[in-house]
Amino acid sequence: MRWLYLLKLLGKLGTLRRISPTPAKMLLNAFLGRDTHTLRLPDGQLLPRQITPPNLYGYLLLQAHVPLAPEQPSAPDMLRWELAPGRFFLTRLTTGMDLMTLYELFGRKDYGTDFTTQVVIDVGAYNGDSAVYFALQGAKQVIALEPHPPNFALAQENIRQMGLEDRITLFPAALSTTDGQAFLQVAPTEPDANSLTPPDSPLQKLISYTEKTPVQTISFSTLCAQYGLEEVDFIKLDCEGCEFALISSLPEDELRRAKTWHIEYHARPEPLIQRLQKAGFIVEKKLDRGVLGYLIARRQVNNP
């Protein structure tokens with residue numbers, strides 16, 4: 001992923017002065033594997049940070065959409081954002097793609113903009129960014145699942161700092177076909193890619209899973225029963241491959257508990273499309289790149 005985002009940054013050379021006082025030097029250092037850079041803040045101040053190319057690119061994109069907090073953390077590998085007046089959110093800069101995912105939510109608005117009074121299940125909550133987004137866009141209840149302990153801890157802190165504990169319930173588990181325990185395959189430098197079942201796709205082969213950790217798993221039916229949910233307005237499914245086993249295993253009446261499934265797929269999505277259509281959903285692709293993109297499956301009115 002590093003080289004992909006280096007090329008993206010190179011393509012933005014003309015606009016890099018917005019985020020760096022010395023853009024050519026920044027690019028050269030990044031190509032040489034050096035991740036200590038001086039960032040230009042929107043007010044013109046300069047801030048030294050340790051930041052990888054994916055997050056540099058995310059920082060460039062976020063500038064026009066999300067304000068930085070007036071005070072930044074002392075840790076050189078973090079930034080703090082003001083996602084709502086007086087409410088702050090922490091992102092990592094040397095692991096994962098925290099700034100890219102924040103841009104996808106608050107800049108590109110991949111999941112939509114209106115969740116007023118909705119009940120949302122957020123599978124793959126990561127650092128809490130999507131759960132916070134759904135709550136800020138009006139969701140009355142967000143049930144967020146994140147099995148990886150470091151991601152979970154950061155999500156918990158972010159939800160607390162945003163003052164959204166009353167609407168977001170964070171649960172330390174992975175959604176799976178069964179209740180119990182499983183081993184999460186962990187990519188230490190890319191914690192956004194952790195997976196119970198890494199899909200067999202070209203992009204996933206670029207990720208180095210060098211650790212594994214036991215995590216709790218919970219089935220969809222148990223999750224709904226635990227929270228008393230007969231119906232769910234919106235399910236965000238971003239679990240780095242679990243989408244295939246989950247969707248194929250759920251009975252049609254369980255699939256139809258959701259009005260909308262918003263699924264990030266990580267291999268060719270045809271099996272998912274066929275299964276959801278058979279269960280009575282209208283399915284569309286979004287941002288399709290062959291083995292990566294979104295499926296948005298909306299339950300047809302005549303399938304209550």
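The values are calculated or read from the model by the stated rules, or taken from the named source; none is laboratory data. In this text the structure is predicted, and so the values were computed from the model without any measurement. Cβ: placed from backbone, ideal geometry, glycine included. Neighbour counts: every protein chain shown.
Candidates Gln72, Gln50: the one that is closer than 26 Å to Tyr209 by Cβ and at pLDDT 95 or above is Gln50.
If the requirement is being at pLDDT below 95, within 21 Å of His65 (Cβ to Cβ) and either in a strand (DSSP E or B) or out of contact with any Leu (no Cβ under 7 Å at 6 or more places or on another chain) (or both), which of these qualifies: Gly112, Gly96?
Values: Gly112 fails: at pLDDT below 95.
The match here is Gly96.
Limited to region 145-168, what total is found for residues that are touching a helix residue (DSSP H, G or I) at 6+ places or on another chain (Cβ under 9 Å) and either farther than 21 Å from Glu82 by Cα or outside the structural domain of Gln118 (by TED's automatic domain parsing) (or both)? Going through region 145-168 one residue at a time, the tally reaches 4. Here Ala64 fulfils each of the conditions (1) modelled with pLDDT of 95 or more; (2) hydrophobic (A, V, I, L, M, F, W, C); (3) farther than 26 Å from Gln141 by Cα apart from (1). Scan region 148-170 residue by residue and report those that are among the small types (Gly, Ala, Ser) and touching a Leu at 6+ places or on another chain (Cβ under 9 Å). Of everything in region 148-170, just one residue is among the small types (Gly, Ala, Ser) and touching a Leu at 6+ places or on another chain (Cβ under 9 Å), namely Ala155. Taking strands (runs of 3 or more DSSP E) as the structural unit, those lying wholly within region 188-304 and holding at least 2 residues that are touching a residue at least 40 places away in the same chain (Cβ under 8 Å) correspond to 211-219, 232-237, 258-265, 293-299.
Of all the numbered requirements in (1) under 17 Å from the mean Cα position of the chain (by Cα); (2) modelled with pLDDT of 95 or more; (3) more than 24 Å from Arg40 (Cα to Cα); (4) surrounded by fewer than 21 Cβ atoms within 10 Å (Cβ to Cβ), Glu146 misses one, and that requirement is (4). Checking each residue in region 249-292 for being surrounded by fewer than 16 Cβ atoms within 10 Å (Cβ to Cβ) and in contact with a Lys or Arg (Cβ under 6 Å, 6 or more places away or on another chain) picks out only Ile282. The set of residues from region 226-250 being of a type outside the set (Ser, Thr, Tyr), more than 22 Å from the chain's Cα centre (by Cα) and more than 28 Å from Gln204 (Cβ to Cβ) comprises Gln226, Gly228, Leu229, Glu230, Glu231.
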